[in-house]
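Novice: Have a look at the structure that comes next, please.
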Amino acid sequence: MAAPIDEPAVRHIAKLARLQLSEDEVRRYTAQLADILGYVQQLAAVDTANIEPTSHALPVTNVLREDVPGPTLTPDQALANAPQREGNFFGLPKVLDQEDA
Amino acid sequence: MEIHVQLATRSKMFCACLVEPGAPPNERVCPVCLGMPGSLPVINRRAVEFAVRMALALNCTVARFTKWDRKSYFYPDLPKNYQISQYDLPIGAGGHFRISTKEGGDRTIRIRRAHLEEDAGKNLHEGLDHTRVDLNRAGTPLLEIVTEPDLASADEAYAFATELQRLVVWLGVSEANMQKGQMRFEPNVNVSITEGGREFRTPIAEVKNLNSFRSVRNAVAYEVDRQRAQWKADHGYTLDQHGKMNFGWDDVRGVTEFQRGKEEAHDYRYFPDPDLVPVLFEPDWLSEQAASLGELPQARQARLRESIGLSEADAATITADRATSELFDTAIAAGADGKVLGKQFINFWSAQANAKGVSIAGLGVSATRIAELAKLTAEGIVSASAAAQIAEKMLGNEESPTAIANREGLVQVRDESATQAWVDQAIAANAQAVADAQSNPKKKQAAIGFLRGQVMKLSGGKADPKLVGELLEKKLSE
Ligand SMILES: [Zn+2]
């Protein structure tokens with residue numbers, strides 16, 4: 001069973017998601033997230049002792065496509081909903097270098 | 001070591017956008033790689049094949065069942081706020097790969113895993129007060145390879161990186177162009193120090209995104225020195241105290257730069273991607289893939305060394321790329337003597353290739369013509385030095401080496417009477433050398449060498465050195 005949602009957990013998740021939450025929001029989201037997870041937690045009541053674990057709900061495998069290029073969006077379409085546009089780039093406040101892949 | 005290899009597919013990992021480095025910004029994007037709500041990823045078959053082939057070549061066990069996981073983190077170049085990767089069931093695991101050491105031995109480096117994932121986009125902020133994001137690269141297939149901690153020095157890291165690149169290019173799974181970032185290395189470096197019967201381990205430094213072999217070697221060497229010095233100054237500078245840290249590499253100044261420590265470590269919250277179903281490999285298909293890998297570069301290098309007697313370095317040069325090594329094999333099959341051909345590859349074909357900035361195969365000279373030149377040399381029809389001149393004239397045309405040798409007067413004269421005349425002439429003109437050769441044991445060898453040179457000179461380089469030697473010896477002993 002996963003750890004219960006408490007205020008430190010919500011602050012941690014908010015930090016990971018680069019969200020700034022007020023104290024009031026932390027309390028509110030803690031309660032909301034705990035409610036949601038509590039609801040899902042009902043599943044724990046099901047006896048799964050003799051059930052093989054799966055990673056997917058569908059009994060489907062090997063859905064692959066051929067390596068053939070298809071149509072792409074134009075930059076105007078791609079950037080249509082961008083909060084800020086810099087030429088044909090998405091624009092944002094300066095972020096520090098942090099390489100990940 | 002962690003390595004990211006951009007796979008040479010035409011389209012992206014989970015969408016049909018063309019992979020095209022250098023395309024204008026945000027012109028190779030679609031709802032899938034932009035992470036638009038409601039879009040669904042579909043796996044690129046070729047990327048999976050490339051990953052399997054590479055995993056097999058690294059002697060990994062390929063999973064019968066592999067799945068996709070979301071690795072959550074938040075960064076502007078990652079539109080979905082998660083990267084599709086493989087967490088607990090990578091395509092390949094438990095492999096090994098051999099490298100040659102500087103000292104002439106070899107070492108086996110264990111491969112922990114090889115898994116598929118998607119690349120991020122690019123943030124650009126150089127010289128700007130804000131950040132620009134280009135998502136063309138987002139979704140490009142990457143194969144991440146992770147070794148066990150078996151690399152013991154900067155030189156071994158370098159050897160591993162170069163050897164891995166040769167394999168990747170050989171298999172055609174990536175162009176592995178380092179400047180273009182198609183192959184990126186991240187060494188995880190720490191040092192074990194024993195003092196007073198106690199072992200200390202310095203904190204692990206992960207140096208991110210190295211994109212040249214030189215920077216791999218230099219960054220590892222720099223970290224080893226830095227960590228040793230820091231531990232000397234403060235014995236509390238240990239892995240237990242500090243954990244793992246991330247560093248960048250400043251290639252200009254030749255130093256690493258601290259980026260973040262363990263307290264800021266990511267918490268990726270991996271979970272199975274519900275949008276992608278697992279991939280199951282049929283044993284028959286896996287066997288087919290394994291069988292079609294063919295002879296890998298290390299095996300071919302060993303074969304040239306053992307069956308032809310080439311040196312390790314020469315065999316490595318000839319097997320540096322697949323096309324060149326195939327050119328070599330084809331020329332042998334066409335009748336070239338292996339030793340002579342090996343010498344010619346090393347002595348002049350590779351020099352010409354280097355001068356043009358291509359591989360030997362890239363010179364575009366056919367195996368038949370290359371074999372013919374080796375045969376002319378082996379049979380003594382042209383001398384070794386004449387062969388080099390002929391080779392130069394073989395570029396950019398289809399003329400046969402025999403025709404070039406005839407036209408340029410480079411065919412060795414093996415006519416005995418003509419050669420005898422040059423020998424007589426040389427002997428008549430160099431009385432002192434003749435006297436030394438005949439009666440001064442100390443100077444005999446040098447004098448004969450000198451006379452031989454005079455004969456070759458008189459012949460305009462066309463005399464057969466072997467015949468000259470025989471005739472000289474006979475004349476001097478008269
Ligand atoms: Zn796309």
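Novice: For the cross-link pairs B:Lys208/B:Lys232; B:Lys442/B:Lys475; B:Lys12/B:Lys102; B:Lys393/B:Lys443; B:Lys393/B:Lys475, which exceed 30 Å when the distance is taken from alpha carbon to alpha carbon? Don't skip to the answer; put the middle values down first.
Specialist: Numbers: B:Lys208/B:Lys232 25 Å; B:Lys442/B:Lys475 20 Å; B:Lys12/B:Lys102 39 Å; B:Lys393/B:Lys443 40 Å; B:Lys393/B:Lys475 37 Å.
Listed pairs above 30 Å: B:Lys12/B:Lys102; B:Lys393/B:Lys443; B:Lys393/B:Lys475.
Novice: Quick check on chain A: take the gyration tensor over C-alpha atoms, sort the square-rooted eigenvalues as a ≥ b ≥ c, and tell me if it's rounded (a/c under 1.5), prolate or oblate.
Specialist: Details: a/c = 2.81, a/b = 1.22, b/c = 2.30.
Since a/c reaches 1.5 but b/c is at least a/b, the shape of chain A is classed as oblate.
Novice: Given 20 Å bins starting at zero, what is the percent of C-alpha pairs of chain B in each, up to the one with the largest pair distance?
Specialist: Pairs per bin, as whole percents: 19, 40, 25, 13, 2.
Novice: Please compute the net charge surrounding B:Ala161, taking Lys and Arg as +1 and Asp and Glu as -1 over other residues with Cβ under 12 Å from its Cβ. Intermediate results must be reported in sequence, preceding the final value.
Specialist: On the way: positive: B:Arg166, B:Arg184, B:Arg214, B:Arg217; negative: B:Glu2, B:Asp155, B:Glu156, B:Glu163, B:Glu186.
Within the 12 Å Cβ shell, the charges total -1.
Novice: Note down the relative contact order for the range B:187-262 as a percent, whole number, built from C-alpha pairs under 8 angstrom at least six residues apart.
Specialist: Computed value for the range B:187-262: 33 percent relative contact order.
Novice: Normalised by the residues of chain B, what does the relative contact order come to in percent, with Cα pairs under 8 Å and at least six apart? Mind showing how you got there, number by number?
Specialist: On the way: 825 pairs, mean separation 56.2, N = 478.
It comes to 12 percent, rounded to a whole number.
Novice: Separate question: Roughly what angle does helix B:444-458 make with the longest principal axis of chain B, taking Cα atoms, 0 to 90 degrees, to the nearest 10?
Specialist: 90
Novice: Give me the inter-chain shielding for B:11-22: mean count of other chain Cβ atoms within 10 Å, whole number please. Could you put the intermediate results ahead of the total?
Specialist: Values: counts 6, 4, 0, 1, 4, 8, 5, 5, 2, 2, 0, 0.
For this peptide, the per-residue mean of nearby foreign Cβ atoms is 3.
Novice: Taking every DSSP beta bridge with both residues inside the range B:187-262, roughly what % is antiparallel (nearest 5)? Display every interim value, and only then the final one.
Specialist: Values: 11 of 15 bridges.
In the range B:187-262, approximately 75 percent of DSSP beta bridges are antiparallel ones.
Novice: Would you mind checking which residues have amide H under 5 Å from B:Val189's amide H? H placed 1.01 Å from N; only 5 or more apart, or other chain.
Specialist: B:Ala205, B:Glu206, B:Val207
Novice: Expressed as an acute angle from 0 to 90° and rounded to the nearest 10, what is the orientation of the C-alpha long axis of helix B:45-57 relative to the principal long axis of chain B?
Specialist: So the inclination is approximately 60 degrees.
Novice: Quick one, can you get me the convex hull of the C-alpha atoms of the protein assembly as shown expressed as volume per residue in Å³? The partial results should precede the final answer.
Specialist: Details: hull volume 144.0 nm³, N = 579.
It comes to 249 Å³ per residue, whole-number rounded.
Novice: Here's another thing I want to ask about it. Given springs between every Cα pair under 10 Å in a Gaussian network model of chain A, which of A:Leu64, A:Leu37, A:Leu73 has the largest fluctuation?
Specialist: Looking only at A:Leu64, A:Leu37, A:Leu73, the biggest GNM fluctuation is shown by A:Leu73.
Novice: How much accessible surface area, in Å² rounded to 10, belongs to the heavy atoms of B:Leu167 with a 1.4 Å probe?
Specialist: The accessible area of B:Leu167 comes to roughly 10 Å².
Novice: Calculate how many DSSP beta bridges within the protein assembly as shown are antiparallel, expressed in % of all such bridges and rounded to the nearest 5. Write down the numbers at each step before the final one.
Specialist: On the way: 56 of 63 bridges.
Here the share of antiparallel DSSP bridges comes out near 90 percent.
Novice: Relative contact order of the range B:416-477, please, whole-number percent, based on alpha carbon pairs below 8 angstrom and at least 6 residues apart. Mind dumping the intermediate values first?
Specialist: On the way: 52 pairs, mean separation 24.2, N = 62.
With pairs under 8 Å counted, the relative contact order is 39 percent.
Novice: What does the charge count around B:Phe345 come to, taking other residues whose C-beta lies under 13 Å from its C-beta (Lys +1, Arg +1, Asp -1, Glu -1)?
Specialist: Working: positive: B:Lys339, B:Lys343; negative: B:Asp314, B:Asp321, B:Glu326, B:Asp329, B:Asp337.
Summing Lys/Arg as +1 and Asp/Glu as -1 gives -3.
Novice: Residue by residue, what Karplus-based ³J(HN,Hα) values in Hz, rounded to whole numbers, does the range B:177-186 have, using 6.51, -1.76 and 1.60 with θ = phi - 60° and x for Gly and Pro?
Specialist: Ordered by residue, 3J(HN,Hα) equals 6, 5, 4, 7, x, 7, 9, 10, 10, 10 Hz.
Novice: Please give the solvent-accessible surface of B:Asp240 in Å², to the nearest 10, using a probe radius of 1.4 Å with every protein chain present.
Specialist: 140
The values are calculated or read from the model by the stated rules, or taken from the named source; none is laboratory data. Quick caveat: nothing in here was measured; it's all calculated off a predicted structure. All Cβ positions, glycine included, derive from the backbone under ideal geometry; neighbour counts span all protein chains shown. Keep in mind that these areas ignore ligands, DNA and RNA; they rest on the heavy atoms of the full protein, side chains included. Shrake-Rupley method; radii C 1.70, N 1.55, O 1.52, S 1.80 Å.
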